[in-house]
Amino acid sequence: MLSHDKCVPLAECGCQYGGQYYQTGQVFYPGESCNLHCVCSEGGDTQCDSNFQCSTSEKCIVEGGFASCSPKTIGSCSVSGVRTVRSFDGQAYPLWGNCLFTLAGVEEKDGGMAAFSLYVQQKTHKDGTVVRSVELQVYGMEITMETGVVWEVKVDDIRVSLPVSLADGKVRAHQNGINIIIETDFNLKLSYDSVAGVLLQIPSTFGSSLHGLCGNFNGNLTDDLASGGKGPSDTAAVWVVKDDTPCDTRCGAGSCPGPDEQKVPEAKKACDIIKAQQGPFEGCHSTVSPTPNYDACVRQGNI
Ligand SMILES: [Ca+2]
């Protein structure tokens, strides 16, 4: 049988509903609201729920006459060249240690969201500069990106030129300026600057399900430092991928490029705008605590 544009066995034939054809497994909202939610099941059987509501991390949007539940927001998490992790919920903290870390990940769940894991290997050179390589595991592939390598990624250890489409188009990678961008069909977007900067963006539908240095994305920044309110090095230690290489996430004497004390007053002055009571970010303070961002700003300014 022909299902849309693919030949399938009769048992996998899709559904007719309201004059439209839907493929097996497809979720759709036939009205102009998300309250009527239908799934095309095997055998051409459509099952609908007329009291459906989008989840709390989603909103109903109607585009071109078609309704769907979409993520309310996109969350961003980053690790930057100056040793700052900024979690999805906005917590900022320093990352020490030449270790392999889990930056973010989500387990596979029945009928739920796609699973992925993102790892970052941090290395500190003798002069104090930091580089990072990145590995994304998704759809059974390992996609790795290394320092200084542009226009290319490795897929399961095989070098692949960019742009490239992988896993039947579910994962796409391309070079954009200095960044390598990887995007998936579930709206994950990863940007890597081929030196040390990593930016991960994911929709809010992943909220609360995540683990890793990027935090759980539950809207609360205070629980992003794991291990019961201990310091950033304890949080980092929780997310070290255990292998045979010893690694220390503490900022030990001699191993950390300390802040340049001469630059601290200057950095504080430059960052005061974040905390200023009558500054441009005043309206944000009730929603986002300015302190983590202020601390990260000072740290970035004095190294
Ligand atoms: Ca959180």
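Any read-out appearing in this document is the output of simple, stated calculations on the displayed coordinates, not a laboratory observation. For clarity, every value in this text was computed on a predicted model and none was experimentally measured. Backbone-built Cβ (ideal geometry, glycine too); neighbour counts: all protein chains shown.
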Q | With Cα atoms, 0 to 90° folded angle of helix 290-301 axis to the chain main axis | A | 60
Q) So how tilted is helix 264-275 from the main axis of the chain? Cα-based, degrees 0 to 90, rounded to 10. A) 40
Q: Work out, step by step, the length gained on full extension between Asn187 and Lys123: first 0.36 nm times the residue separation, then minus their alpha carbon distance; give nm to one decimal.
A: 20.1 nm
Q.
Within the stretch 187-206, name every residue whose backbone N is under 18 Å away from a label modeled 7 Å from Cα of Lys59 along the Cβ vector.
A. 202-206
Q) For the stretch 109-215, what does the alpha-carbon gyration tensor say about shape, rounded, prolate or oblate, given a ≥ b ≥ c as the root eigenvalues, a/c under 1.5 as rounded, and a/b over b/c as prolate? A) oblate
**Q.** Given Lys123/Lys154; Lys72/Lys189; Lys126/Lys189; Lys154/Lys189, the pairs whose alpha carbons are separated by over 21 Å
**A.** Lys126/Lys189
**Q.** Shape call, the stretch 90-170: gyration tensor on alpha carbons, a/c limit 1.5
**A.** oblate
Q) So for the pair Asp168, Lys269, with labels modelled 7 Å out along Cα→Cβ, what separation do we get in nm? A) 6.1
Q) Taking a ≥ b ≥ c as the square roots of the eigenvalues of the Cα gyration tensor of the stretch 20-61, is the shape rounded (a/c under 1.5), prolate (a/b larger than b/c) or oblate? A) prolate
Q: Identify which of Gly25, Gly219, Gly64 has the largest mean-square fluctuation in a Gaussian network model of the chain, with springs joining Cα atoms closer than 10 Å.
A: Gly64
Q. Amide H to amide H, which residues 5 or more places from Lys72 or on other chains are under 5 Å from it, using H placed in the peptide plane?
A. Glu58, Lys59, Ser204, Thr205
Q) Once the chain is represented by equal point scatterers at the alpha-carbon sites, with solvent omitted, what log10 I(q)/I(0) does the Debye formula produce at q = 0.12, 0.16 Å⁻¹? A) -0.92, -1.35
Q. Got the relative contact order for the chain handy, in percent, Cα pairs under 8 Å and 6 or more residues apart?
A. 15
